[in-house]
Amino acid sequence: MPRRSDSRAKMIEAAAELFRQRGYHATAFSDVIQASGAPRGSTYFHFPGGKQELASEAIALAGDEIEQMVAAAAARCDGPGSFVRALGDMVAARLEGSGYRSGCAIATMVLELAPQNEDLSGEFEKVFGRWCEALAREFAVRGITPGRAAELADLVMSVFEGALVVSRAARRIDSFTTATETLAELVEREPRPVTPVDRAAGPTTHAMPP
């Protein structure tokens, strides 16, 4: 028998994937039970608040996954442009690997539930905020000023979201990869401040012979 905590975690993970693929309304508790292997009758034991409580937990898990993906992309890059490409490659691989069923972790639910469900809309906003903050931190680490890093983070998130929808509808990754490369090139051209070492070195000059 799995421990209760294991059953709850597995239900949240299963719900997050089902909500990502099918949406909130098309996912029943019975689907979550079947996908997670949790004991029948455990739904309201683990989630006394019902399906909305399960959705809230799944949304929070999606935020964790996004932050982990950003960190993994940052670990394999050497600059802001390659960071965008690495992140885009990871997102594209997941979309293609799912047969174009799994796009953004929460986009399907957002389209269904926001803004009429105020409680879950607040949870969606938190996840997008966490994504922006994680992106902005990585841009800032790579020499982009904090204010501009926040703007670029918002741009990357917004473009990725739109491109995922287009690629998912077309069942082709082309739109997403084109958007990713365009963003990477834009970010690579972003001016970055001169470091103290650069200032100390000054411009390179070559003395003329007497």
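The values are calculated or read from the model by the stated rules, or taken from the named source; none is laboratory data. Note that this is a predicted model, so its numbers are computed, not measured. Cβ: placed from backbone, ideal geometry, glycine included. Neighbour counts: every protein chain shown.
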Report the residue count in the stretch 25-38 for those that are more than 21 Å from Val110 (Cβ to Cβ) and exposed (fewer than 14 other Cβ atoms within 10 Å of the Cβ).
3
Where a residue in the stretch 67-89 is in a loop (DSSP other than H, G, I, E, B) and its partner, wherever it lies, is buried (at least 19 other Cβ atoms within 10 Å of the Cβ) and among the small types (Gly, Ala, Ser), with Cβ under 7 Å and at least six apart
Arg76/Ala86; Cys77/Ala86
Pair list, Cβ under 7 Å, 6 or more apart: the stretch 115-129 residue farther than 16 Å from Phe19 by Cβ, other residue at pLDDT 95 or above and exposed (fewer than 13 other Cβ atoms within 10 Å of the Cβ):
none
Looking for something modelled with pLDDT of 95 or more and over 22 Å from Val165 (Cβ atoms) - is there at least one such residue anywhere in the stretch 83-97?
yes
The stretch 168-180 residues that are under 10 Å from Tyr100 (Cβ atoms), paired with ones that are of a type in the set (Ser, Thr, Tyr) and surrounded by 12 or more Cβ atoms within 10 Å (Cβ to Cβ) (beta carbon under 6 Å, 6 or more apart):
Arg168/Tyr100; Arg171/Tyr100; Ile173/Ser167
Condition set in contact (Cβ under 8 Å) with a residue 24 or more places away in the chain and part of a helix (DSSP H, G or I), scope the stretch 142-154, selection surrounded by the fewest Cβ atoms within 10 Å (Cβ to Cβ): answer is Arg148
